[in-house]
Each structure stands twice: as structure tokens, then as C-alpha cells.
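All remarks here apply to the structure that follows.
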């Protein structure tokens, strides 16, 4: 995920998703920051514990005790590349996957540069990467926990509460919903198809209800 304050990108940060192991060599991974702009850039790297709310939004909290990041702040000259070492230092014994957000954020400061003419907007870039600590044998396990039929501005919606009871995340790819003899899939599942459901997490999803459906009972939900 990338957030900017202008249309051009001044930095690149890779990879944007990474799996770690809770112990062994996989506790340490290497990231790469490149300054693709013509100006010097200062970047700060931090990490946050990630929980997922019922609407799918992240709830972030401090996770400094679980990781060591070096360097946590860098100054990059134009065209310069810097590697960043991220090491998981949290509990080595896990029963379920843990999710984090690694954030690389350009700082709003000028380094050794004079004032610019013309009131040019300064570009700031923020990358938000996904980090997962994956124990051996972790697997997702999905369950359709609740369904309901709602109406908003004259349009009927089928709402699904899906619970990942398993020990790893699951991407809802090629999902299918069946109700009243009708199968819903592909583009009809916009807002659900391709979404991420973290381990031990519940999310509400809303899709347009098929014509003629008057009840949310006997709904079947499957993902390969």
C-alpha cells in the first residue's frame, strides 16, 4: 500500500509483503529502499501490530518489542539505494500467524537544500507493507458465521460475516456464494473477492442480493 501527497513517486520500497518464521534463519529479512527522486530524502521505518476490524480496516498498535530494525532512519541521496534489516525478536513459540504493518515514511524535512521558488509542493511518500510471522503448519479455516438481508436506499444487500478460525490468513480468491438456488461469483462478489482475512479474525462483507431473494437463510459460502 502506497500513500503520497503528490502525483509522482519519490521512493521505492520492496518487498511490499514478506513472511517471517518465529525462529531460525527466517526471523530476519532484508528490505530495499531506493530514492528515485532528484532530491535528498529522509526516511523513517517503523512497525506496528496489526489487527483487523469487522469492516476490514486495520487497527494498529506499537510493536517495537517484537522487532529490531536497522537502520530505522536513513538519508538517501538522489539515486541511492539502502538495505534495511528487519529481525523478528518476539515469541518463538506461536500457535497462530501474527500480522504486522511495516511502514516506510518519508520525513517532511529539507536536508541541505535552499528554498525553492514558485511555492512547489514537496512530495512525501509512505509505504505500508504486510509482515506475517508464520508458524509451521499454519492453515486457514473459514466459517460462515452469520448472514442477513438488508435494504439501503431501495437496494437489497446480502451481508456475510465470515470467520477465519484457522491459524493463517486467507485470500478470498475464486469465492462462491449460493442462495436460493442461485450462484454468485466473480464480478458479482465485488467487495469480497480477493479480500484478505487474517487468522482468528471475523469480517463483514456486503454483496448485492440476487433478484427474488427474500431471506438470508441457507446461504453457502465456499473458497478453494
Full extension between residue 19 and residue 87 adds, at 0.36 nm per residue less the Cα distance, a length in nm of 23.3 nm
Assuming 0.692 mPa s and 37 °C, estimate D for region 151-224 with Stokes-Einstein, Rh taken as the Kirkwood radius over Cα pairs, in µm²/s.
-> 254 µm²/s
Residues in region 135-176 reached by a label modelled at residue 182 [backbone nitrogen below 19 Å; 7 Å Cα→Cβ] = 147-161, 175-176
By how many nm would the segment from residue 70 to residue 190 lengthen if fully extended, with 0.36 nm per residue of separation less the alpha-carbon distance?
-> 39.2 nm
What whole-number value in cubic angstrom gives the convex hull volume per residue for the C-alpha atoms of region 56-98?
-> 137 Å³
Candidates (i) 40, 24, 12; (ii) 28, 20, 16; (iii) 41, 19, 15; which is the computed semi-axes √(5λ) of the Cα gyration tensor in Å?
-> (i)
Kindly state, to the nearest 0.05, the FRET efficiency for residue 157 paired with residue 51, given R0 = 22 Å and r defined as their beta-carbon distance.
-> 0.30
Mind giving me the nanometre distance, one decimal, between the label points for residue 62 and residue 222, set 7 Å out from Cα along Cα→Cβ?
-> 4.8 nm
Convex hull around the C-alpha positions of region 182-224: the volume in Å³ per residue is 105 Å³
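Stokes-Einstein diffusion coefficient for region 12-107 at 25 °C in a medium of 0.890 mPa s, Rh from the Kirkwood formula over Cα pairs: what value in µm²/s?
Translational diffusion coefficient: 169 µm²/s.
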Springs between alpha-carbon atoms under 10 Å, Gaussian network over the chain: tell me which of 44, 188, 152 tops the mean-square fluctuations.
-> 152
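Packing-wise, with mean Cβ within 10 Å as the measure, how do 210-219, 159-168 rank, highest first?
Final packing ranking: 159-168, 210-219.
We did not get these values from a lab; they are worked out from the coordinates using the rules stated. Bear in mind that the values here come from a model prediction, so they are computed numbers and not experimental data. Ideal geometry is used to build each Cβ from the backbone, glycine not excepted, and the neighbour counts take in all protein chains shown.
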